[in-house]
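The values are calculated or read from the model by the stated rules, or taken from the named source; none is laboratory data. The model shown is predicted, which means the values in this text are computed figures rather than measured ones. Cβ placement follows ideal geometry from the backbone for every residue including glycine, while neighbour counts extend to all protein chains displayed. Protein only, heavy atoms only, side chains kept; ligands, DNA and RNA dropped before computing areas. Shrake-Rupley method; radii C 1.70, N 1.55, O 1.52, S 1.80 Å.
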Amino acid sequence: MDTFYVTTPIYYVNDVPHIGHAYTTIAADVLARYHRQLGEDVFFLTGTDEHGNPAARAAERRGVTPQQHVDEMVVKFRELAQQVDATNDFFIRTTDKEHCDRVQAFIQQLYDRGKIYKKSYRGLYCSACEAFYSEKDLVDGHCPDHDTAPEEVEEENYFFRLSDYQEQLLAHFDDHPDFVMPRSRFNEARSFISQGLDDISISRAALEWGVPVPWDRDQVVYVWVDALLNYITALEYSGGESRLERFWPADYHLMAKDILKFHAVIWPAMLMAADMELPQHLFVHGYLLMGGQKMSKTRGNVLDPFAVMDKYGVDAFRFYCFREVTFGQDGVVSLEGFENRYNSELANELGNLLSRTLAMIRKYNGGALPPPAEGGELALAAATMGADVAAAMKTVNLTAALESIWSFVRALNRYVEENAPWQLAKDEARRPALEAVLYNLAEGLRISAIHLYPFIPSTAARIIGQLGYQPGDAGLASGEAAWGSDATGQQIEPGEPLFPGLTETAATAP
Ligand code: MSP
């Protein structure tokens with residue numbers, strides 16, 4: 001059986017989760033659900049990055065211990081995963097003892113192999129990024145991401161021989177043109193490597209909140225080394241037996257561009273140093289922006305995903321994220337844009353289409369789904385959509401996949417108008433044509449629901465249920481999307497409108 005392993009970054013717990021965290025988690029969930037539909041053996045990992053300065057400082061500000069702070073904050077991140085309907089197979093915390101033990105074993109192994117050495121170091125350190133900067137990387141003397149002045153730090157640290165891996169990394173990039181996607185991010189990472197790599201400090205002396213360096217308890221492991229290792233430690237301890245062999249190398253690490261360098265340079269070099277395989281792909285999506293600015297905790301322009309989901313439902317939020325902003329690019333999100341799409345697309349083009357179809361089946365066919373019909377052009381369009389979705393999902397083009405599905409939903413809307421079942425119903429001689437039109441609409445909706453399932457899972461299940469199918473037998477899980485592949489004749493079960501509230505019209509036949 002094919003396996004599929006997808007990860008999100010593990011999120012910092014210095015503040016509450018925001019829409020950007022929800023975004024990556026939903027994207028990973030869409031992929032996980034899609035690959036399960038394909039019948040693959042899937043592992044989907046998310047979690048929290050709990051060590052390091054920001055968490056320790058946040059605890060200090062609140063007057064609690066770091067452990068108390070992270071124990072409280074992690075609740076919100078677990079809730080976020082649940083609330084966006086993420087089907088993650090495990091939630092890793094870097095404070096898990098099992099993780100910490102394995103981080104120690106990993107760096108001990110590199111130390112024993114001579115990949116790590118001690119030296120005294122002086123540098124400019126941004127504690128919000130947890131990274132050292134050289135003068136040339138700063139903008140007016142400030143961190144390019146946080147706009148704060150870095151501190152000058154001088155310590156004795158352990159260094160990882162990153163510079164040894166430059167050639168090997170470049171060769172890997174050249175041999176694997178889709179190692180980093182999209183292409184612009186690949187070029188960015190490759191060009192960074194080709195400019196030359198310095199060894200990096202992988203321990204901190206002044207910090208207490210971290211994993212102790214096993215051979216020198218005065219130091220803790222650099223938080224990024226600790227964090228990156230989550231992708232393999234989780235596989236080792238999340239189940240009864242290690243899943244490392246089954247799922248490593250990962251298929252996709254998802255992230256935004258802020259952490260590309262860590263994933264495209266340091267992480268592969270660490271794996272090379274340990275003689276481990278590299279992940280197959282890093283997919284770098286864009287930033288969700290509000291009013292043209294990246295949303296971030298420090299800038300305080302954060303849209304609360306909990307509030308949006310409470311008001312409009314999780315699926316509407318999941319849909320909006322990938323519909324509004326091309327996955328892979330930056331894009332602006334707003335409440336206004338959200339409400340527009342909710343009204344015009346979800347409530348009208350999808351919700352209303354279902355309620356009209358069901359109302360007509362009830363009115364003209366006693367509520368029974370008519371027998372299968374040929375489908376004609378609609379069936380062809382459904383097959384084309386299926387092929388387009390598969391091609392788009394293969395390259396993680398979530399927006400293109402959704403666009404193909406939506407073109408088909410629009411074709412269904414046109415089909416109702418062009419075939420005017422209410423006219424056919426006036427003439428008993430045209431009864432076979434009427435039944436065929438009603439079947440085709442229902443079948444088009446069933447197939448749309450199957451393709452929509454990874455994006456809007458509960459809505460897809462409700463569509464299937466209202467059409468009178470059991471969620472299990474309508475191929476939601478197996479993606480059984482061929483025209484006419486499911487039994488019919490059952491009674492439909494109209495229910496509440498899919499997306500109520502704004503402009504959805506009543507479920508009556510025209
Ligand atoms: N802890 C590190 C990651 C370690 S992974 C081994 C970290 N955490 S974070 O909380 O800052 O999360 C950063 C990630 O959150 C981004 O890479 C992205 O996945 C997501 N996003 C945060 N803000 C975002 C937007 N405004 N838009 C899109 N994604 C956003 O970095």
Select from the range 75-102 the residues that are open to solvent by less than 30 Å² (accessible area, probe 1.4 Å), in contact with a strand residue (DSSP E or B) (Cβ under 6 Å, 6 or more places away or on another chain) and within 18 Å of Leu229 (Cβ to Cβ) and list them in ascending order. Phe91, Ile92, Thr94
Based on this model, can you work out whether Arg190 counts as within 16 Å of the ligand (Cβ to nearest atom), over 26 Å from Val13 (Cα atoms) and in contact with a helix residue (DSSP H, G or I) (Cβ under 7 Å, 6 or more places away or on another chain)? no
Selected residue (criterion: nearest to the chain's Cα centre (by Cα)) from residues of the range 267-290 that are more than 10 Å from the ligand (Cβ to nearest atom) and in a helix (DSSP H, G or I): Pro268
If you take just the helices (runs of 4 or more DSSP H) that sit entirely in the range 356-456, which of them hold at least 1 residues that are in contact with a His (Cβ under 7 Å, 6 or more places away or on another chain) and β-branched (Val, Ile, Thr)? 376-394, 398-419
Within the range 28-43, how many residues are farther than 22 Å from Val325 by Cβ and either near the ligand (Cβ under 9 Å from one of its atoms) or open to solvent by less than 10 Å² (accessible area, probe 1.4 Å) (or both)? 1
Looking at Thr48, Thr8, Thr3, Thr25, can you tell me which residue is among the hydroxyl-bearing types (Ser, Thr, Tyr) and away from the ligand (no atom under 14 Å from the Cβ)? Thr3
Qualifying residues in the range 222-236 (those that are away from the ligand (no atom under 11 Å from the Cβ) and either over 22 Å from the mean Cα position of the chain (by Cα) or open to solvent by 20 Å² or more (accessible area, probe 1.4 Å) (or both)) - the one farthest from Thr8 (Cα to Cα): Tyr222
Would you confirm, using the coordinates I've provided, whether Gly239 is part of a loop (DSSP other than H, G, I, E, B) and either surrounded by 22 or more Cβ atoms within 10 Å (Cβ to Cβ) or of a type in the set (D, E, K, R) (or both)? no
Those residues of the range 44-63 which are on the phi < 0 side of the Ramachandran plot, open to solvent by less than 40 Å² (accessible area, probe 1.4 Å) and either more than 23 Å from the chain's Cα centre (by Cα) or in contact (Cβ under 8 Å) with a residue 60 or more places away in the chain (or both), in sequence order: Leu45, Asp49, His51, Asn53, Pro54, Ala55, Ala56, Ala58, Ala59
Given the conditions (1) closer than 24 Å to His451 by Cα; (2) at pLDDT 95 or above; (3) open to solvent by 10 Å² or more (accessible area, probe 1.4 Å); (4) part of a helix (DSSP H, G or I), which single one is not true for Leu346? (3)
Members of the range 458-470 found to be open to solvent by 10 Å² or more (accessible area, probe 1.4 Å) and not aromatic (Phe, Trp, Tyr), listed by number: Ser458, Ala461, Arg462, Gly465, Gln466, Gly468, Gln470
Which residue pairs have Cβ atoms closer than 8 Å, lie 6 or more positions apart in sequence or on different chains, and pair a first residue in the range 244-266 that is more than 15 Å from Phe283 (Cβ to Cβ) and away from the ligand (no atom under 12 Å from the Cβ) with a second residue that is of a type in the set (D, E, K, R) and in a strand (DSSP E or B)? Arg246/Asp41
